[in-house]
Amino acid sequence: MASGPIRKGASTALLATSLYRHLAESRANVFFSPYSIAKALAMCQAGASGVTRDEIEAVLGHAGEGDRLLETFSELQQVLASRAQPAPEPFHLSVASSLWLQKGYAVKSAFTETLRNQLGADIKETDFAGAPAEAAGDVNAWVEKATSGKIRGILSESQLDALTRVILANAIYFKAPWLNQFDEEHTKPDRFHRLDGRSVDVPMMHITESYRHARAPGLQALEVPYGNDWIVMLLVLPDKGQFEAVERRLDVASVVELTRSARSVEVALTLPRFRVESSFALREPLTRIGIQRAFAPGADFSRVSEEPGFALGDVLHKAVVEVDERGTEAAAVTAALMVGSALGKPPKPIAFHVDRPFLFLIEDKPTGTILFLGRVLDPSP
């Protein structure tokens with residue numbers, strides 16, 4: 001059973017690459033969860049038909065998958081849940097889904113049962129139209145619990161109105177120690193050089209260990225493992241003056257493959273402590289990468305509702321990550337609002353000095369699932 005998601009999980013690299021190009025257009029730090037967004041879209045696909053379904057499948061890299069798509073995500077969810085088995089240090093990876101219905105609104109029972117049975121989704125009712133503040137509070141309370149308090153809210157009262165019918169939500173929470181933790185005594189302020197030519201002093205962590213390291217034109221990549229056998233952080237450090245060129249040609253699948261084929265070498269790693277929080281309304285970027293019909297009046301979500309004009313209003317996403325000497329804590333939530341109408345060790349360690357803008361992703365290696373992706377242009381608080 002595991003062979004399905006292990007093969008299919010890599011498709012998150014396609015969505016990660018496509019969305020990153022649009023989300024990174026502003027000159028700011030970026031962080032998001034391709035997996036959370038993909039799973040929320042898979043929930044939407046389960047209620048779609050016709051061109052609406054075809055477009056969602058194509059963007060997810062599962063063209064023609066049909067009803068098997070949600071089965072794939074269900075299997076992948078089970079595999080990821082197994083990552084949280086007891087480890088020498090506390091390790092957490094949890095995923096939760098929910099379906100929120102306007103009180104009294106008729107949704108096809110086959111759709112709710114599919115989400116409940118295949119994803120273990122919570123099915124809840126609230127009053128978007130009559131009590132929007134309380135409804136937003138209900139959803140946000142679920143989000144806070146599902147992300148262990150890292151994300152306290154994704155929805156505001158102003159984003160709900162009398163046309164809000166359904167919200168499909170997915171949350172992911174990740175907390176893990178490094179396999180080899182940084183010594184806090186070695187952390188000291190150092191210069192981080194921003195794209196605008198200015199520098200900021202930030203706490204820099206230091207460690208020398210054996211890591212998978214690879215080089216490609218204009219960049220070097222490093223695989224930093226967490227305290228189990230599956231999940232890693234991949235650091236992508238463009239050469240000086242090459243950040244924008246590397247970012248333009250970024251292909252997440254190629255980065256993963258680059259480090260997968262690398263051999264372990266001794267590396268002197270310097271990495272800033274950092275925290276990144278991002279929020280996005282994804283309607284425009286998802287439309288630009290191919291999901292158009294789902295947001296239009298002609299959307300076909302007939303597996304959910306027979307109401308004319310029933311469509312996606314927006315897809316909201318919020319994510320946060322904190323990286324320090326001990327490890328990484330990250331969380332993300334996605335809410336889809338549906339509305340009516342090298343060879344051997346070198347003689348000395350390789351220097352991997354992250355003192356300039358860099359990219360990073362967190363990957364479940366056996367499935368190729370990109371759990372999180374981001375960039376740091378300025379790690380200062």
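The values are calculated or read from the model by the stated rules, or taken from the named source; none is laboratory data. Remember, it's a predicted structure, so these values are computed and weren't measured experimentally. Methodologically, a virtual Cβ is constructed for each residue, glycine included, from the backbone with ideal geometry; neighbour enumeration extends over all protein chains shown.
Here is a list of conditions, (1) at pLDDT 95 or above; (2) in the same structural domain as Gly227 (by TED's automatic domain parsing), and Asp355 meets all of them except one; can you say which number that is?
Answer for Asp355: the failing condition is (1).
Is it the case, given these coordinates, that Gly64 is assigned by TED's automatic domain parsing to the domain that holds Ala330 and surrounded by fewer than 20 Cβ atoms within 10 Å (Cβ to Cβ)?
Yes.
If you go through region 224-233 one residue at a time, do you hit one that is among the polar types (S, T, N, Q) and in a strand (DSSP E or B)? Reasoning before the result, please.
Here is the first cut: in region 224-233, the ones among the polar types (S, T, N, Q) are 228.
In the following step, the residues that additionally are in a strand (DSSP E or B) were identified as none.
Taking every residue of region 224-233 in turn, none turns out to be among the polar types (S, T, N, Q) and in a strand (DSSP E or B).
So which residues in region 256-296 are surrounded by fewer than 20 Cβ atoms within 10 Å (Cβ to Cβ), part of a loop (DSSP other than H, G, I, E, B) and at pLDDT 95 or above, if there are any at all?
Of everything in region 256-296, those that are surrounded by fewer than 20 Cβ atoms within 10 Å (Cβ to Cβ), part of a loop (DSSP other than H, G, I, E, B) and at pLDDT 95 or above turn out to be Arg273, Ile289, Gly290, Gln292.
Arg198: closer than 16 Å to Phe360 by Cα and out of contact with any strand residue (DSSP E or B) (no Cβ under 8 Å at 6 or more places or on another chain), yes or no?
no
With the structure loaded, tell me whether Glu325 is in contact with a His (Cβ under 9 Å, 6 or more places away or on another chain) and either of a type in the set (S, T, N, Q) or outside any strand (DSSP E or B) (or both) or whether it fails that test. Walk me through it before giving the result.
Numbers: in contact with a His (Cβ under 9 Å, 6 or more places away or on another chain): yes; either of a type in the set (S, T, N, Q) or outside any strand (DSSP E or B) (or both): yes.
When the stated conditions are applied, Glu325 passes them.
Sort through Gly313, Gly327 and tell me the only one that's over 28 Å from Pro379 (Cβ atoms) and surrounded by 14 or more Cβ atoms within 10 Å (Cβ to Cβ).
Details: Gly327 fails: over 28 Å from Pro379 (Cβ atoms).
Testing whether each residue is over 28 Å from Pro379 (Cβ atoms) and surrounded by 14 or more Cβ atoms within 10 Å (Cβ to Cβ) leaves just Gly313.
Just to be sure, is Phe295 hydrophobic (A, V, I, L, M, F, W, C), touching a His at 6+ places or on another chain (Cβ under 9 Å), in the same structural domain as Ser18 (by TED's automatic domain parsing) and within 24 Å of Pro34 (Cα to Cα)? Quick ask: steps written out before the conclusion?
On the way: hydrophobic (A, V, I, L, M, F, W, C): yes; touching a His at 6+ places or on another chain (Cβ under 9 Å): no; in the same structural domain as Ser18 (by TED's automatic domain parsing): yes; within 24 Å of Pro34 (Cα to Cα): yes.
When the stated conditions are applied, Phe295 does not pass them.
Condition check ((1) small (Gly, Ala, Ser); (2) within 21 Å of Glu363 (Cβ to Cβ)) across all residues:
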{"residue": "Cys44", "(1), (2)": "no, no"}
{"residue": "Gly47", "(1), (2)": "yes, no"}
{"residue": "Thr52", "(1), (2)": "no, no"}
{"residue": "Leu60", "(1), (2)": "no, yes"}
{"residue": "Ala63", "(1), (2)": "yes, no"}
{"residue": "Gly66", "(1), (2)": "yes, no"}
{"residue": "Ser82", "(1), (2)": "yes, yes"}
{"residue": "Leu119", "(1), (2)": "no, no"}
{"residue": "Val139", "(1), (2)": "no, no"}
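Quick test for you: out of Leu168, Leu219, Leu163, pick the one residue that is assigned by TED's automatic domain parsing to the domain that holds Ala335 and buried (at least 19 other Cβ atoms within 10 Å of the Cβ). Before the answer, list the steps.
Numbers: Leu219 fails: assigned by TED's automatic domain parsing to the domain that holds Ala335; Leu163 fails: buried (at least 19 other Cβ atoms within 10 Å of the Cβ).
Result: Leu168 is the single residue among Leu168, Leu219, Leu163 that is assigned by TED's automatic domain parsing to the domain that holds Ala335 and buried (at least 19 other Cβ atoms within 10 Å of the Cβ).
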